[in-house]
Ligand code: GLN
């Protein structure tokens, strides 16, 4: 078989079970293909080939004794903001360029416990701040559907790798849309779980009250399989919850009888491209044909304040979280100075890129005496209001459906010097992090050869309904089967 790198998790698992292939064979095929496409897309920061092959050998041993999980022996990539013991974790930043963590993030521990194979680490916007992966300190990642376009961000590398079959699946992180927006731009499935569902231990913090790790996969069924492994309580993350983890694959039912779906009008106005609106509306009609009861008149009027609130809360938390990169404890350290203060100053000056500096300044300003009440406190109140509004909506609906992003993938360079335009790329995804609820982006069409994503939003800890609707839609369409030209 020369196309085994194209398999989904479910397909690869079956072949491994039937001994029709081995993890080593699968891993080698993935690596071969990864190197082929990497020249064009630049999705990876680190490829840990030797470690991956060792893990594959161990997986084959486990398979031969019969004890396996669907992820056993399957090659994955991980966004470069999750700590991997002995393997560089850079956050695509100069300041962590040579940082090798002495421990694994909980999600990595869990993957390893099931003998998953980790091929390496993917490129991202520096410290996950951005929507195009152009803010990586190393190189931009390119969209496999059109190499002149951005793949979205900040989990651009992970989404590109999955779309281009360089890995069977990947992990990303989502603070304001960083899993879903690039998933939409690359035509893959990206799930942001409920805040607290997946441990953040070992995830390099950007905005701690918003960050969440989630799966990036080729199909909805694969998303459920990864969630089964990564979800759950972790005593090392006090914000992770102890609700039992269901078997998410049980949610994969192909019809939508009795499912009530609300379409919040606020997500279809101002700035949305016609192509996106038309495709997503057609996709929603399809959900209706599958049995769902669609209410086109749902409303979340406070949506318009979400972007402003996010750009106070997220930078405020970032400014606190990034204070630790002082050149003393770990990471890049500027040495050639007269005193300690100058060393710290220079470390940050050379270690951080412009977007990161902008966030630190915004956050420091919003938290400073005299402005705290006017900005930070106000933003927190807006956050409460937005959360409450989602609660209200979920009394009437089982889920809400919106576009993932207001536009098609844009050209590299088009927005990189215009922060406001870049921030607007996440208008549809940010409110979901503010509310802390789960949401998925799934392939829902193409225009001009570029992918369009549909976002399905669920109640807190109801990833099952989100997966259910996503699965039914996927079964009834074949957008997810298209492969990018690369
Ligand atoms: N694009 C948003 C930002 O720059 C969200 C990023 C993310 O989810 N990590 O903050």
Inset, instruction - Take the Cα atoms of the chain, find their three principal axes, and give me the spread along each one in whole Å, biggest first. - result: 65, 54, 44
Legend entry - Percent of beta bridges antiparallel (DSSP, the chain, rounded to nearest 5): 70
Legend entry - residue 380 versus residue 208: modelled label distance in nm, points set 7 Å from Cα along the beta carbon direction: 1.4
Inset, instruction - Report the convex hull volume per residue for segment 282-395, counting only C-alpha atoms, in Å³. - result: 167
Legend entry - segment 334-381-segment 5-46 distance, computed between alpha-carbon centres (Å): 42
Legend entry - Cα pair count fraction exceeding 17 Å, expressed as % - segment 1-146: 61
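Antiparallel as a % of all DSSP beta bridges within segment 33-185, to the nearest 5? Spell out each step's value before the answer.
Details: 5 of 13 bridges.
Just about 40 percent of them are antiparallel.
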Inset, instruction - Using only the alpha-carbon atoms of segment 329-441, report the extent along each of the three principal axes, biggest first, to the nearest angstrom. - result: 64, 39, 25
Legend entry - Calculated FRET value between residue 61 and residue 138, using beta carbons and R₀ = 60 Å, to 0.05: 0.95
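Give the peptides 23-35, 255-267, 124-136, 436-448 in descending order of average Cβ contacts within 10 Å, highest first. All intermediate terms of the calculation are to be shown ahead of the outcome.
On the way: 23-35: 20.8, 255-267: 18.4, 124-136: 29.1, 436-448: 24.5.
So the order, starting with the most tightly packed, is 124-136, 436-448, 23-35, 255-267.
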Legend entry - Dimensions in Å of segment 440-486 - Rg and Dmax from alpha carbons: 12.2, 38
Inset, instruction - Using 0.36 nm per residue of separation minus the Cα-Cα distance, give me the extension gain between residue 342 and residue 270 in nm, one decimal. - result: 21.3 nm
Inset, instruction - Would you kindly compute the Cα radius of gyration of segment 204-267 and its largest Cα-Cα separation (Dmax), both in Å? - result: 15.3, 41
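Of the peptides 171-183, 195-207, how do they stack up when ordered by the mean number of other Cβ atoms within 10 Å, highest first? Intermediate values should be presented prior to the final figure.
Numbers: 171-183: 32.3, 195-207: 23.5.
Highest-to-lowest ranking by the protection proxy: 171-183, 195-207.
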Legend entry - Inter-site label distance for residue 113 and residue 258 at 7 Å from Cα along Cβ, in nm: 3.4
Legend entry - Paired Rg and Dmax values of segment 365-404, which use every Cα atom, in angstrom: 14.9, 42
Inset, instruction - Report, in whole Å, the centroid distance computed from the Cα atoms of segment 75-121 and segment 409-435. - result: 26
Legend entry - Potential extension, residue 103-residue 418 segment - 0.36 nm per residue separation minus Cα distance: 109.7 nm
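How high is the relative contact order of segment 292-351, in percent, with contacts defined as C-alpha pairs under 8 Å that are six or more residues apart? Kindly include the intermediate steps, with their values, before the conclusion.
Numbers: 24 pairs, mean separation 13.2, N = 60.
Result for segment 292-351 is 22 percent.
No value in this document is a laboratory result; all are computed from the given coordinates. Worth saying up front: this structure is predicted, and the values here are computed from it rather than measured. Don't worry about glycine lacking a Cβ; one is built from the backbone with ideal geometry, like all the others, and counts go over all protein chains shown.
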